[in-house]
Ligand SMILES: [Zn+2]
Ligand SMILES: [Zn+2]
Ligand SMILES: [Zn+2]
Ligand SMILES: [Zn+2]
(Lines give C-alpha, C1' and ligand atoms only; values in the text may rest on other atoms or scores of the structure.)
(Ligands and ions follow the chains in the order given, each with its own letter.)
Protein backbone atom coordinates (compact mmCIF):
# COMPACT_ATOMS: atom_id res chain seq x y z
CA UNK A 1 0.00 0.00 0.00
CA UNK A 2 1.04 3.57 -0.42
CA UNK A 3 -0.07 5.00 2.86
CA UNK A 4 3.32 6.44 3.58
CA UNK A 5 2.99 8.90 0.72
CA UNK A 6 0.86 11.92 1.23
CA UNK A 7 -0.07 13.52 -2.04
CA UNK A 8 -0.68 17.18 -1.56
CA UNK A 9 -3.41 17.55 -4.08
CA UNK A 10 -6.79 19.09 -3.74
CA UNK A 11 -8.20 16.36 -5.90
CA UNK A 12 -5.86 13.58 -5.00
CA UNK A 13 -8.32 10.80 -5.63
CA UNK A 14 -7.54 10.93 -9.35
CA UNK A 15 -3.83 10.34 -8.86
CA UNK A 16 -2.61 6.92 -9.78
CA UNK A 17 0.41 6.04 -7.68
CA UNK A 18 2.14 4.32 -10.52
CA UNK A 19 5.26 5.81 -12.00
CA UNK A 20 4.69 7.09 -15.53
CA UNK A 21 8.23 6.09 -16.38
CA UNK A 22 8.63 2.53 -15.20
CA UNK A 23 4.95 1.77 -14.54
CA UNK A 24 5.78 0.44 -11.13
CA UNK A 25 3.96 1.32 -7.99
CA UNK A 26 5.48 4.27 -6.23
CA UNK A 27 5.96 3.16 -2.69
CA UNK A 28 8.24 5.67 -1.12
CA UNK A 29 10.89 8.25 -1.76
CA UNK A 30 10.91 11.35 -3.86
CA UNK A 31 8.57 11.60 -6.75
CA UNK A 32 7.97 14.21 -9.37
CA UNK A 33 4.40 15.22 -9.95
CA UNK A 34 3.95 16.72 -13.34
CA UNK A 35 0.71 17.32 -15.06
CA UNK A 36 -1.46 14.38 -14.30
CA UNK A 37 1.28 11.90 -13.71
CA UNK A 38 3.90 11.17 -11.15
CA UNK A 39 7.32 9.70 -11.62
CA UNK A 40 10.14 8.38 -9.53
CA UNK A 41 12.74 11.12 -9.59
CA UNK A 42 15.08 8.79 -11.44
CA UNK A 43 12.35 7.94 -13.96
CA UNK A 44 11.61 11.51 -14.96
CA UNK A 45 13.41 11.33 -18.26
CA UNK A 46 13.27 13.42 -21.37
CA UNK A 47 11.14 11.72 -23.99
CA UNK A 48 13.68 12.60 -26.65
CA UNK A 49 17.16 12.22 -25.22
CA UNK A 50 16.27 10.10 -22.17
CA UNK A 51 18.39 12.23 -19.91
CA UNK A 52 17.12 13.09 -16.50
CA UNK A 53 14.97 16.19 -16.65
CA UNK A 54 15.55 18.88 -14.08
CA UNK A 55 12.28 18.82 -12.26
CA UNK A 56 12.44 22.49 -11.39
CA UNK A 57 13.18 23.75 -14.86
CA UNK A 58 10.66 24.97 -17.34
CA UNK A 59 9.17 22.02 -19.05
CA UNK A 60 7.12 21.31 -22.03
CA UNK A 61 4.72 18.48 -21.67
CA UNK A 62 4.20 16.39 -24.72
CA UNK A 63 0.81 15.14 -25.74
CA UNK A 64 1.55 11.68 -24.43
CA UNK A 65 2.42 13.16 -21.07
CA UNK A 66 6.15 12.80 -21.13
CA UNK A 67 8.47 15.66 -20.32
CA UNK A 68 11.00 17.17 -22.66
CA UNK A 69 14.22 18.63 -21.32
CA UNK A 70 15.30 22.13 -22.23
CA UNK A 71 17.95 20.87 -24.62
CA UNK A 72 15.35 19.02 -26.60
CA UNK A 73 12.73 21.75 -26.61
CA UNK A 74 11.12 22.62 -29.85
CA UNK A 75 12.37 25.49 -31.86
CA UNK A 76 9.90 28.02 -33.06
CA UNK A 77 9.21 27.72 -36.75
CA UNK A 78 9.24 31.50 -37.10
CA UNK A 79 12.07 32.83 -34.95
CA UNK A 80 13.98 29.54 -34.64
CA UNK A 81 14.49 30.04 -30.92
CA UNK A 82 13.67 27.27 -28.48
CA UNK A 83 10.22 27.23 -27.02
CA UNK A 84 10.49 26.96 -23.28
CA UNK A 85 6.97 27.73 -22.30
CA UNK A 86 3.73 27.43 -24.16
CA UNK A 87 3.99 26.03 -27.63
CA UNK A 88 1.50 25.99 -30.42
CA UNK A 89 1.77 22.93 -32.54
CA UNK A 90 0.56 22.55 -36.07
CA UNK A 91 1.47 19.19 -37.42
CA UNK A 92 5.26 19.09 -37.46
CA UNK A 93 5.76 22.75 -36.76
CA UNK A 94 5.77 24.51 -33.45
CA UNK A 95 5.52 28.17 -32.64
CA UNK A 96 5.81 30.55 -29.76
CA UNK A 97 2.37 31.80 -28.94
CA UNK A 98 3.64 35.23 -29.78
CA UNK A 99 5.11 34.14 -33.09
CA UNK A 100 1.95 32.48 -34.30
CA UNK A 101 0.65 35.22 -36.53
CA UNK A 102 -1.32 35.58 -39.69
CA UNK A 103 0.90 35.87 -42.70
CA UNK A 104 -1.21 38.59 -44.18
CA UNK A 105 -2.38 40.89 -41.38
CA UNK A 106 0.28 39.83 -38.85
CA UNK A 107 -2.24 39.65 -36.10
CA UNK A 108 -1.66 37.09 -33.43
CA UNK A 109 -3.95 34.12 -33.92
CA UNK A 110 -5.51 33.89 -30.52
CA UNK A 111 -8.60 31.82 -31.01
CA UNK A 112 -6.42 29.08 -32.43
CA UNK A 113 -8.55 28.72 -35.49
CA UNK A 114 -6.46 29.23 -38.51
CA UNK A 115 -5.82 28.11 -42.02
CA UNK A 116 -2.56 26.53 -42.89
CA UNK A 117 -1.82 26.85 -46.52
CA UNK A 118 1.21 26.17 -48.60
CA UNK A 119 1.83 29.91 -48.34
CA UNK A 120 1.84 29.98 -44.58
CA UNK A 121 -0.61 30.54 -41.81
CA UNK A 122 -3.59 32.82 -42.08
CA UNK A 123 -6.21 33.99 -39.66
CA UNK A 124 -9.72 33.05 -40.63
CA UNK A 125 -10.77 36.47 -41.84
CA UNK A 126 -7.77 36.74 -44.14
CA UNK A 127 -8.27 33.19 -45.22
CA UNK A 128 -11.93 33.73 -46.03
CA UNK A 129 -10.98 36.80 -47.97
CA UNK A 130 -8.59 34.75 -49.99
CA UNK A 131 -11.18 32.06 -50.57
CA UNK A 132 -13.68 34.62 -51.75
CA UNK A 133 -11.16 36.04 -54.16
CA UNK A 134 -10.48 32.59 -55.51
CA UNK A 135 -14.19 31.98 -55.77
CA UNK A 136 -14.78 35.18 -57.66
CA UNK A 137 -11.97 34.39 -60.02
CA UNK A 138 -13.52 31.01 -60.56
CA UNK A 139 -16.96 32.48 -61.13
CA UNK A 140 -15.56 34.79 -63.76
CA UNK A 141 -14.07 31.79 -65.45
CA UNK A 142 -17.37 29.97 -65.32
CA UNK A 143 -19.41 32.87 -66.66
CA UNK A 144 -16.98 33.31 -69.54
CA UNK A 145 -16.01 29.79 -70.39
CA UNK A 146 -13.43 29.48 -73.08
CA UNK A 147 -15.49 28.24 -75.98
CA UNK A 148 -12.96 25.77 -77.26
CA UNK A 149 -12.37 23.92 -74.04
CA UNK A 150 -14.58 21.08 -73.11
CA UNK A 151 -15.97 20.70 -69.65
CA UNK A 152 -13.87 17.67 -68.91
CA UNK A 153 -11.40 19.54 -66.71
CA UNK A 154 -11.74 18.53 -63.10
CA UNK A 155 -12.56 21.51 -61.00
CA UNK A 156 -10.14 21.93 -58.16
CA UNK A 157 -11.68 22.29 -54.76
CA UNK A 158 -11.28 25.85 -53.67
CA UNK A 159 -9.87 24.99 -50.29
CA UNK A 160 -7.33 22.65 -51.77
CA UNK A 161 -4.41 24.72 -50.61
CA UNK A 162 -5.35 24.76 -46.96
CA UNK A 163 -4.16 21.59 -45.38
CA UNK A 164 -4.84 22.07 -41.75
CA UNK A 165 -7.99 23.70 -40.75
CA UNK A 166 -9.00 24.29 -37.20
CA UNK A 167 -7.06 21.24 -36.16
CA UNK A 168 -4.86 23.20 -33.86
CA UNK A 169 -7.56 23.44 -31.32
CA UNK A 170 -7.54 19.72 -30.87
CA UNK A 171 -3.80 19.45 -30.85
CA UNK A 172 -3.46 22.34 -28.53
CA UNK A 173 -5.70 20.87 -25.91
CA UNK A 174 -3.24 18.08 -25.36
CA UNK A 175 -0.30 20.31 -24.85
CA UNK A 176 0.09 21.86 -21.51
CA UNK A 177 2.80 23.90 -20.01
CA UNK A 178 3.99 23.53 -16.50
CA UNK A 179 6.52 25.96 -15.22
CA UNK A 180 6.82 24.28 -11.89
CA UNK A 181 6.50 20.67 -11.11
CA UNK A 182 6.22 19.73 -7.51
CA UNK A 183 8.69 17.67 -5.67
CA UNK A 184 7.61 16.17 -2.44
CA UNK A 185 8.55 13.42 -0.12
ZN1 LIG B 1 9.63 4.77 -12.02
ZN1 LIG C 1 16.19 15.89 -23.86
ZN1 LIG D 1 9.21 32.28 -32.03
ZN1 LIG E 1 -5.01 37.83 -41.01
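The values are calculated or read from the model by the stated rules, or taken from the named source; none is laboratory data. This one's a predicted model, so the numbers in the text were calculated from it and none came from an experiment. Note: ideal-geometry Cβ built from the backbone for every residue, glycine included; neighbour counts use all protein chains shown.
Yes or no, residue by residue, for (1) part of a strand (DSSP E or B); (2) at pLDDT 85 or above; (3) not assigned by TED's automatic domain parsing to the domain that holds residue 88:
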residue: 2; (1), (2), (3): no, no, yes
residue: 5; (1), (2), (3): no, no, yes
residue: 27; (1), (2), (3): no, no, yes
residue: 39; (1), (2), (3): yes, yes, yes
residue: 50; (1), (2), (3): no, yes, yes
residue: 60; (1), (2), (3): yes, no, yes
residue: 65; (1), (2), (3): no, no, yes
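Out of (1) surrounded by 15 or more Cβ atoms within 10 Å (Cβ to Cβ); (2) more than 16 Å from ligand 3 (Cβ to nearest atom); (3) modelled with pLDDT of 85 or more; (4) under 30 Å from residue 134 (Cβ atoms), what's the single condition that is false for residue 117?
The failed condition is (3).
Determine whether residue 110 is closer than 23 Å to residue 75 by Cβ and loosely packed, with under 14 Cβ neighbours inside 10 Å.
Values: closer than 23 Å to residue 75 by Cβ: yes; loosely packed, with under 14 Cβ neighbours inside 10 Å: yes.
So residue 110 fits the description; yes.
If residue 133 passes every condition in (1) more than 16 Å from ligand 4 (Cβ to nearest atom); (2) modelled with pLDDT of 80 or more but one, which one does it miss?
Condition not satisfied by residue 133: (1).
Of 22, 79, 69, which residue is within 25 Å of residue 101 (Cα to Cα) and either in contact with a helix residue (DSSP H, G or I) (Cβ under 9 Å, 6 or more places away or on another chain) or modelled with pLDDT of 70 or more (or both)?
Details: 22 fails: within 25 Å of residue 101 (Cα to Cα); 69 fails: within 25 Å of residue 101 (Cα to Cα).
That would be 79, the only listed residue that is within 25 Å of residue 101 (Cα to Cα) and either in contact with a helix residue (DSSP H, G or I) (Cβ under 9 Å, 6 or more places away or on another chain) or modelled with pLDDT of 70 or more (or both).
Of the residues that sit in region 68-120 and are more than 25 Å from residue 48 (Cβ to Cβ) and outside any loop (DSSP other than H, G, I, E, B), which one is nearest to the chain's Cα centre (by Cα)?
Out of the qualifying residues, it is 114.
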